[in-house]
Amino acid sequence: MDLSRQYAEARDAQDPIGHFRARFHIPDGHLVYFDGNSLGRLPLATRDRLLDAIEREWGGDLIRGWDTWIDLAGRAGDVIAEGVLDVAPGEVILSDSSSVNLFKLASAALDANPGRRVIVTDDDNFPTDRYVLEGLAQARGLQLRVVPTDIDEGVDPARIAAALDDDVALVCLSHVAYRSGALADMVAITTAAHRVGALTLWDLCHSAGSVPVPLRQSGADLAVGCTYKYLNAGPGAPAFLFVRRDLQARLRQPIWGWFGQRDQFAMGAGYDPVESIERFQVGTPPVLGGYAVLEGARITAEAGVANLAAKSAELLRYTLRLNDAWLGDRLTLATPSDPARRGSHVTFHHPQAWQICQALKAAGVIPDFRTPQRLRIGLAPLYTRFVDVWEGMARLRDIVDSGSYEAFEPALGRVT
Ligand SMILES: *Cc1c(COP(=O)(O)O)cnc(C)c1O
């Protein structure tokens with residue numbers, strides 16, 4: 001194995017999507033950014049689009065801007081549908097946050113399956129998912145059946161299957177695990193859920209823009225996901241939701257807002273929702289955030305999810321090889337070792353992971369810390385280079401070799 005920086009540079013020179021990095025605002029060449037899976041970088045096209053939308057559209061057009069803004073959530077949804085999730089236009093729309101969309105779609109699914117008393121999820125699902133489901137189960141007097149999951153190996157389809165019976169209304173899981181990056185088997189789990197007549201709701205926050213998502217292949221029913229991670233739409237940008245076409249007219253979400261209403265500006269007396277994906281909207285959509293999603297999703301679509309996933313897998317393999325060569329067994333892999341079971345980030349376990357994270361930040365490397373004692377390295381494929389991996393891992397090696405991380409405060413900060 002060639003451990004030289006020149007090798008990393010040569011890999012970058014051969015990277016078929018390497019040129020996409022130039023499409024991002026990257027003011028600090030020394031910084032190694034391993035956190036694109038928490039907040040993606042700023043695309044130049046987004047900066048330009050937002051400046052124009054602020055000055056010309058908001059500043060100049062004023063209320064007339066709504067002629068073009070009114071269907072922005074659907075237009076951006078279509079780019080995500082076709083270019084990111086490989087489903088049909090009209091099956092995805094921007095709306096609210098992932099948490100709120102999860103509530104809306106889970107409620108709709110429970111209403112569509114009356115008489116069934118159980119929601120299935122796993123104990124390692126993202127906190128907001130667990131809380132939303134817990135609240136729904138409590139409010140409706142349902143049982144939340146929480147399947148145990150190994151935090152490093154990810155969801156076991158056999159355990160989920162064993163938790164299914166005729167009383168299950170909904171199965172709600174993350175496709176890529178936020179901590180370990182483990183990829184759940186969407187096809188196997190969706191098939192098992194459908195066999196007992198349950199609906200499936202997938203959280204795609206760590207999948208959209210990093211791995212192929214087999215919504216169509218699995219026949220999955222519902223999904224939500226955020227846009228500020230691999231889709232690079234910026235802090236607090238609106239989330240997306242997916243409802244399979246044939247379910248749209250049948251499902252009703254619990255928040256009856258005017259953006260779901262048929263003939264919205266008739267200002268009619270009673271709620272009568274459209275039959276299409278727009279019925280899952282609630283109120284006025286965030287236009288500036290919507291433009292950021294549109295531009296971010298376009299870049300992802302242009303690069304192609306298959307190319308992005310292939311590059312992620314290569315970056316991840318390279319990270320592991322450098323780790324083996326330079327750090328031996330001082331860090332423990334906390335991500336599945338099978339490449340087919342991984343998303344686009346890699347996680348290591350170390351008893352002093354928090355201090356190592358602080359030392360890395362001081363050395364110009366931004367990773368993520370996740371409890372318990374996990375160091376998470378995100379390899380967002382649109383702009384992360386092999387040479388970034390080389391630099392980041394070299395700085396990590398120096399920190400661990402020298403023990404310099406011992407000088408950092410062991411108590412956790414408020415935001416990790
Ligand atoms: C980031 C993330 C979320 C965030 O939800 P918000 O409502 O946008 O705060 C939800 N689920 C998963 C799996 C995530 O990774």
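The values are calculated or read from the model by the stated rules, or taken from the named source; none is laboratory data. All values derive from a computational prediction rather than experimental measurement. Note that each Cβ is placed from the backbone with ideal geometry, even for glycine, and that neighbours are counted across all protein chains shown.
Observations on the structure shown:
- Summed over the stretch 243-271, the residues that are within 16 Å of Ser95 (Cα to Cα) and out of contact with any Gly (no Cβ under 8 Å at 6 or more places or on another chain) give a count of 7.
- The stretch 88-100 residues that are over 11 Å from Val282 (Cβ atoms), paired with ones that are within 12 Å of the ligand (Cβ to nearest atom) and in a loop (DSSP other than H, G, I, E, B) (beta carbon under 6 Å, 6 or more apart): Leu94/Pro238; Ser97/Ala239; Ser98/Cys205; Ser98/Cys226; Ser98/Ala239
Every residue, every condition in (1) closer than 30 Å to Gly181 by Cα; (2) crowded, with 20+ Cβ neighbours inside 10 Å, yes or no:
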| position | (1), (2) |
| --- | --- |
| Met1 | yes, no |
| Leu44 | yes, no |
| Asp52 | no, no |
| Glu91 | yes, yes |
| Ala108 | yes, yes |
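- Scanning the stretch 11-22 for residues that are within 13 Å of Thr300 (Cα to Cα) and either touching a strand residue (DSSP E or B) at 6+ places or on another chain (Cβ under 6 Å) or among the aliphatic types (A, V, I, L, M) (or both) gives a single hit, Ile17.
- Condition met for Leu173 (hydrophobic (A, V, I, L, M, F, W, C), within 13 Å of the ligand (Cβ to nearest atom) and crowded, with 24+ Cβ neighbours inside 10 Å): yes
- Residue within the stretch 200-220 that is more than 30 Å from Leu316 (Cα to Cα), away from the ligand (no atom under 15 Å from the Cβ) and at pLDDT 95 or above present: no
Here's the yes/no breakdown for (1) surrounded by 13 or more Cβ atoms within 10 Å (Cβ to Cβ); (2) at pLDDT 95 or above; (3) assigned by TED's automatic domain parsing to the domain that holds Ala73:
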position: Trp256; (1), (2), (3): yes, yes, yes
position: Phe259; (1), (2), (3): yes, yes, yes
position: Asp263; (1), (2), (3): no, no, yes
position: Met267; (1), (2), (3): no, no, yes
position: Glu275; (1), (2), (3): no, yes, yes
position: Glu278; (1), (2), (3): yes, yes, yes
position: Val282; (1), (2), (3): yes, yes, yes
position: Pro286; (1), (2), (3): yes, yes, yes
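- Selection from the stretch 373-416 of residues that are free of Cβ contacts under 8 Å to residues at least 12 places away in the same chain and either in contact with a strand residue (DSSP E or B) (Cβ under 8 Å, 6 or more places away or on another chain) or on the phi > 0 side of the Ramachandran plot (or both): Gly403
- Residue match in the stretch 181-196 (condition: without any contact (Cβ under 8 Å) to a residue 24 or more places away in the chain, under 27 Å from Val305 (Cβ atoms) and assigned to a loop (DSSP other than H, G, I, E, B)): no
- Residue among Asp61, Asp35, Asp48 that alone is assigned to a helix (DSSP H, G or I), at pLDDT 95 or above, surrounded by 13 or more Cβ atoms within 10 Å (Cβ to Cβ) and of a type in the set (Asp, Glu): Asp61
- Total residues in the stretch 369-416, condition part of a strand (DSSP E or B) and within 22 Å of Asp329 (Cβ to Cβ): 6
- Here Ala162 does not qualify as touching a residue at least 60 places away in the same chain (Cβ under 8 Å), of a type outside the set (Asp, Glu) and touching a strand residue (DSSP E or B) at 6+ places or on another chain (Cβ under 9 Å).
- Where Arg250 falls short, out of the listed (1) charged (D, E, K, R); (2) closer than 17 Å to Leu110 by Cα; (3) crowded, with 24+ Cβ neighbours inside 10 Å: (3)
Residues are listed down the side, and each one gets a yes or a no for (1) modelled with pLDDT under 95; (2) more than 16 Å from the ligand (Cβ to nearest atom); (3) within 23 Å of Trp256 (Cβ to Cβ):
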residue	(1), (2), (3)
Asp96	no, no, yes
Ser99	no, no, yes
Ala112	no, yes, yes
Arg117	no, yes, no
Thr121	no, no, no
Asp129	no, no, no
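- Residue list for the stretch 221-246, restricted to those being of a type outside the set (A, V, I, L, M, F, W, C) and within 13 Å of the ligand (Cβ to nearest atom): Gly225, Thr227, Tyr228, Lys229, Tyr230, Gly234, Pro235, Gly236, Pro238
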